[in-house]
Amino acid sequence: MRLKIRITGLIQGVGFRPFVYRLAEEIGLNGYVLNDTTGVLIEVEEQKEKLNEFLIRIEKEKPPISKIYSLQHSFLEEVGFKGFEIRKSEETGDKRASVLPDITICEECLNEVTNPKDRRFIYPFTNCTNCGPRFTIIQSLPYDRKNTSMKVFKMCPDCEKEYNLSTDRRFHAQPDACHICGPWISLYDSEGKLLCEKNDALEKVTNLIRKGYIIALKGMGGYHLICDATNEEVVNRLRKRKHREEKPMAVMFPDLDAIKKDTYINVLEERAVQSIEKPIVIVRKRGSTSLAVSISPDNTTVGVFLPYTPLHHMILKKLKKPVVATSANITDEPIAKDEADAFERLSKIADYFLSHNRDIVRRCDDSVVRITAERQVPIRRSRGFAPVPVVMPFKFNKPVLALGPYMNNTVAVGIDDKVFISQHIGDLDTPLAIEFYEETIKDFLKLFDIRPGVVVSDMHPGYYSTKYGEKHFKDKLFKVQHHFAHILSCMIENDVPEDAEVIGFAFDGTGYGIDKTIWGSEVLTASYKGFKRMFHLRPFRLIGGDKAVKEPCRTAFSLLFESFGDNVMDMDFIPLTQQERSFFLNMIKKNINSPVTTSMGRLFDGISSIIGLRHKTSYHAQAAIMLEQCAIRSQERDSYPFIIENDIIDYRPLIREVVKDLKSEKPKETIAKKFHNTIIEIIINISEFLRKETGISTVALSGGVFQNTILLENAFNKLKDKGFIPLIHQLVPPNDGGISLGQVIAAHFHNCYNKQI
Ligand code: ZN
Ligand code: ZN
Ligand code: FE
């Protein structure tokens, strides 16, 4: 196996490459290390355990003066390196100034803020050239203090001295500040009345959290809502006020030991949680956990993370308890970032506001990752990762702007040999989200100083992103099919060569097809240049269109109708009245507001409802998540029958057997697991067929359904066992957050206007 690492940081000229060389030799790895325009590129090969060791030790044992600002890594197919070498830098010319992401507080700064003798003792905005905010404070380039939201703070003589001293850790640290000259924190009540400031505010806020109040805390990229994570009553109150009934909330812990007390965490999860990006890592809860049940109800997992700003550290150090730290928004709106915005939107949720007077120039949510199949799969690529570029093996002929999809939107720009993907924008279905979306597009074009030669959108005529493209870039718009974009993103991040072809499984909730219907269980054969749709699920109807997404019982009814015809009227295990049944049946038969779909996500929803797990949902993909959670508890190895005929995957035999199992009172866990096993078998079965037909043995797995760990892990392992090369996501999310990357790639390989593929 091969491990590919890209590091950005203070790593040139400090003995970093010799260090990498020695470490690789010691562990016994083949490969190379190279400086390039973005930092250091390392590729090493050996067995997985040795590569894990290398990955963990590189951060722990690096030379003390070297600093890592970002580390992207992925485990890939071996290419067969001989020995280990320090390669000569390839001069790739253009060294476009990249904007750094926000960087977690460094050890030295942490030591200062915890040392009572230091002049920065408990100063919440302590930073240096190695840490602190970047992406969220930069107004324009070049990155100088006058171009950041720190420009309003005039440095005191002490800070200025550090700033100008070339040997100082704060030499040209643009956000440099201290108690005397920098920003400060203030505590307000929910009416906006100032209660206290600075150290008093810090003292007071800790007590308020302990007493069970909800605090809106202004952080680096936006506000968090914070409360005691061990207090069931306050967590419930937060849920009610936030109108977030069941969607899991993230928990910030004082340190790694505290995480270990409440969760099971393996070596790679431990690395992820401590990594420079400090993402939220989804891990398994312990039975003995002290966390409030309502943090992730009906869920075996919880999202955990560690403090990443001085302020977080101080609060958690005083509190000595985990806190819920969830994005401050109402349902799916963007995270609040300004005082006025926060007070307006959060005054009915938060009891107190801990704010500060350093402006957040652009909002940036926390990132989320999950370790699956022993790889780090991004669920949301945002703070810490954005806007670190994904580096291409080619150069773009002209700048590309990708407008992304509708759900989990991100946008991206492609320029030179880099793709800069935006922070998480979210679903484009509220005025605030749309405003944030338009801001981000303008922001990225300005920040990276480009006028796009090609603009790429989804094909869905109803997506705001498509309409935006049609309105503003009509003459250079290029539309790319959604599932093809999923597969392209997976191909490029796995180093698939230019002339290669893959078998692509794009399983998700919704994507507009070239036949103008809703797709979502697409098996493609694809190259970078185009794709063929080889197989898809037998179509079924979404009763009430989008309504079916929130009410899986409608999909259940539809799937049962397909499998049993009018007998569905007597199937009493889905909780619908006789009147509703007649109504739905009529809609299906007369084709009233019930578009057809081939969505795999909806099939998961439907099964979840049929076996009685979830008939209505309160957050995206909840029914499918409940189905996965249910299956986790079963060891069942059996699966259901299915038929693949022509290009159709027929689920009807499966549904009939599910109903049979249900009637014979088989445990739900068994049925859920058998269903997962069936989907995995379908993947294997089709892959083997296509390999025989086409000779292609590389299989890309993409789309939101592959956030399901049972599915991803087992499909990955089984494909490997059968001699395939399975590709999964490690740099961008399998969900629609990765679409913008795929769109950029499509543009590069097509380079044409007013066309769609
Ligand atoms: Zn620092
Ligand atoms: Zn100062
Ligand atoms: Fe999708």
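Only the coordinates and a few stated rules stand behind these numbers; no lab work does. Predicted model, so just to flag it, every value in this text is computed and none were measured. Every residue, glycine among them, receives a Cβ derived from its backbone with ideal geometry; neighbour counts consider all protein chains shown.
What angle do you read, to the nearest 10 degrees and between 0 and 90, between the alpha-carbon axis of helix 482-493 and the longest principal axis of the chain? Between the helix axis and the principal axis of the chain, the angle is about 50 degrees. Remark: the Val152-Lys467 segment gains 109.5 nm on full extension, using 0.36 nm per residue and subtracting the alpha carbon distance.
The length gained by stretching the chain between Lys474 and Asp721 to full extension, at 0.36 nm per residue less their Cα-Cα distance, is 84.2 nm. Here the chain is treated as a Stokes sphere of Kirkwood radius computed over C-alpha pairs; at 25 °C and 0.890 mPa s its diffusion coefficient rounds to 91 µm²/s.
Using C-alpha pairs below 8 Å separated by at least 6 residues, the relative contact order for the stretch 185-356 is 38 percent.
For the stretch 185-285, trypsin sites (Lys or Arg not before Pro) are listed when DSSP marks them as loop and at most 11 other Cβ atoms sit within 10 Å of their Cβ; the list is Lys193, Lys211. Think of each Lys and Arg Cβ as +1 and each Asp and Glu Cβ as -1; about the Cα centre, that makes the dipole of the chain roughly 780 debye. Relative to the longest principal axis of the Cα atoms of the chain, helix 652-663 runs at roughly 90 degrees.
Which residue, Met626, Asn397, Pro310, has the largest displacement toward the positive end of the dipole of the chain when charges sit on each Cβ (Lys, Arg +1; Asp, Glu -1)? My answer, from the dipole projection, is Pro310. With the charge dipole of the stretch 185-356 set up from +1 on Lys and Arg Cβ and -1 on Asp and Glu Cβ about the Cα centre, the Cα lying farthest toward the positive end among the listed residues Tyr352, Thr263, Leu202 is that of Thr263. On the beta carbon distance between Glu693 and Ser166, with R0 = 51 Å, the FRET formula returns roughly 0.20. Model label points for Glu25 and Glu78, set 7 angstrom from Cα along the Cα-to-Cβ axis, are 2.3 nm apart. Cβ-Cβ distance of Lys516 and Arg241, R₀ of 41 Å, FRET efficiency by 1/(1 + (r/R0)^6): the value works out to about 0.45. With contributions of -39500 (n - 2.57) from each DSSP H run of at least four residues, the per-residue ellipticity at 222 nm computed over the chain stands at -10000 deg cm²/dmol. Here the dipole of the stretch 130-262 is about 400 debye; that uses its Cα centre as origin and unit charges on the Cβ of Lys and Arg (positive) and Asp and Glu (negative). Look at the alpha carbon pairs under 8 Å that are at least 6 residues apart: their mean separation over the length of the chain gives a relative contact order of 12 percent. For the peptides 598-609, 563-574, residues were scored by their other Cβ atoms within 10 Å and the scores averaged per peptide; the highest-first order is 598-609, 563-574. Residues whose amide H lies under 5 Å from that of Leu195, counting only those 5 or more places away or on a different chain, are Leu187, Tyr188, Asp189; hydrogens are built 1.01 Å from N in the peptide plane. Using 0.36 nm per residue and subtracting the Cα-Cα separation, the extra length available between Leu445 and Met1 on full extension is 156.1 nm. The label-point distance for Ile330 and Glu344, in a model that sets each label 7 Å from Cα toward Cβ, rounds to 1.2 nm.
The relative contact order of the stretch 612-757 comes to 19 percent, based on Cα pairs under 8 Å that sit 6 or more residues apart. Cross-link partners among aspartates and glutamates for Lys474, C-alpha distance below 17 Å, same-chain residues fewer than 8 apart left out? Candidates past the 8-residue exclusion: Glu438, Asp458. Placing a label point 7 Å from the Cα of Lys60 along the Cα-to-Cβ line, the residues of the stretch 243-280 whose backbone N sits under 16 Å from it are 256-257, 265-276.
Between Glu665 and Ser618, the distance separating the two model label sites (each 7 Å from Cα on the Cα→Cβ line) works out to 3.1 nm. Neighbours of Leu319, meaning other residues whose beta-carbon lies under 13 angstrom from its beta-carbon, give a summed charge of +4 when Lys and Arg score +1 and Asp and Glu score -1. Among residues other than Gly723 with Cβ under 14 Å from its Cβ, the summed charge is +2 (Lys and Arg +1, Asp and Glu -1).
Compute the helix-to-body angle for 48-61: its Cα long axis versus the longest principal axis of the chain, expressed 0 to 90° and rounded to tens. That helix lies at roughly 20 degrees to the long axis. Charge tally for Lys550 (other residues, Cβ to Cβ under 12 Å; Lys, Arg +1; Asp, Glu -1): +2. Amide H to amide H distances under 5 Å link Leu76 with Arg2, Leu3, Lys4, where only residues 5 or more positions off or on other chains count and H is placed in the peptide plane.
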